[in-house]
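Okay, structure first, notes after.
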Amino acid sequence: GAVTLNVDAAQTQITSIGTDGDTLSILADIVSFVNTTAHKPDLNITNTADDATSSIISLTNKRGGDSIQAGQDNDVLGTVRFRGYDDGGTPGETAYALMQGSIADATAGQEAGNLKLYVASYDGVATEGLQLLGDTNADGEVDVRIASGAASTTTIAGTLIMGSTAAMTNAGLVAV
């Protein structure tokens, strides 16, 4: 059965909760880890299986709870935000960078995903800088969009390869 864990201020360390193979469920709107030590809190998720697999972090949008529900195009499946404060003491945090995964096409048998990376551009507004879009027309294709705005620059170190042919190096166009 369910057990309630009560921890008081005198409890300095919890060494273990549950056993291998169990599930720990926390029902809350916000779970916070706060510490005043540099580089802390530090969240570690470790897989000790003797194989080539790793730990998994899953962010899931499950419309309607436990019943089977239909996802919709553009449903946001998860967002990871990197937040901080500016140097002017402005109230509120700024999202300086974020990653967001969503459904591009929810059509059964044609499912396609969308992953976007954003950074705050000049005025603190999250601006898309990179998009990976599972092609909604053909299997095995991913479209990529880089940068935002006509004045943006895109730097490629090394050789730009188009298909399987080197198209451009740092010295200029490759002779064909």
Completion exercise
Mean separation of Cα contacts under 8 Å (at least 6 apart) over the residue count of the stretch 82-176, i.e. the relative contact order in percent, is 15
Practice task
Please name whichever of 92, 71, 130 sits farthest to the positive end of the charge dipole of the stretch 48-176, dipole taken about the Cα centre and charges placed at Cβ: Lys and Arg +1, Asp and Glu -1.
Solution key: 92
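Rounded, prolate or oblate: which one fits the stretch 44-132, using the alpha carbon gyration tensor with axes a ≥ b ≥ c (rounded when a/c is under 1.5, else prolate when a/b beats b/c, else oblate)?
Oblate.
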Problem - Net lengthening on full extension, residue 121/residue 137 (0.36 nm per residue, minus Cα-Cα) - result: 2.6 nm
Completion exercise
For the pair residue 165 and residue 6, the simple spin-label estimate (label points 7 Å beyond Cα toward Cβ) gives in nm 7.5
Exercise for the section: Could you tell me the largest-minus-smallest coordinate of the C-alpha atoms of the chain on each of the three principal axes, in descending order and whole angstroms? Expected result: 71, 50, 37
Fill in the blank from the handout: By the C-alpha gyration tensor axes a ≥ b ≥ c (rounded if a/c is under 1.5, else prolate when a/b exceeds b/c, else oblate), the shape of the stretch 85-176 is oblate
Completion exercise
Cα convex hull volume per residue for the stretch 81-133, in Å³, equals 71
Problem - Dipole in debye (nearest 20) - the chain, about Cα centre, beta carbon charges: Lys, Arg +1; Asp, Glu -1 - result: 380
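Let me spell out the model: positive unit charges on the Cβ of Lys and Arg, negative unit charges on the Cβ of Asp and Glu, origin at the Cα centre of the stretch 6-56. What dipole size does that give, in debye rounded to 20? Please list the in-between numbers first.
On the way: 1 positive and 7 negative charges, 50 e Å.
For this selection, approximately 240 debye.
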Fill in the blank from the handout: Quick P(r) readout (the stretch 7-75; Cα-Cα; 5 Å bins; whole %) gives 3, 8, 10, 20, 19, 15, 13, 7, 3, 1
Practice task
Would you kindly state the longest site-free stretch of the chain, with sites defined as chymotrypsin sites (Phe, Trp or Tyr not before Pro) in a DSSP loop (not H, G, I, E, B) surrounded by at most 10 other Cβ atoms within 10 Å?
Solution key: 34-121
Problem - Within the accessible area of the stretch 21-176 (1.4 Å probe), percent carbon and sulfur - result: 53
Practice task
Keeping all protein chains in place, calculate the accessible area per residue for the chain (probe 1.4 angstrom), answer in Å².
Solution key: 84
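The values are calculated or read from the model by the stated rules, or taken from the named source; none is laboratory data. Note that the structure is predicted; figures quoted are calculated from it, not measured. When we count neighbours, we look across all protein chains shown, and the Cβ atoms used for this are built from the backbone with ideal geometry, even at glycine. The area values use the complete protein model at the heavy-atom level, side chains included, leaving out ligands, DNA and RNA. Shrake-Rupley method; radii C 1.70, N 1.55, O 1.52, S 1.80 Å.
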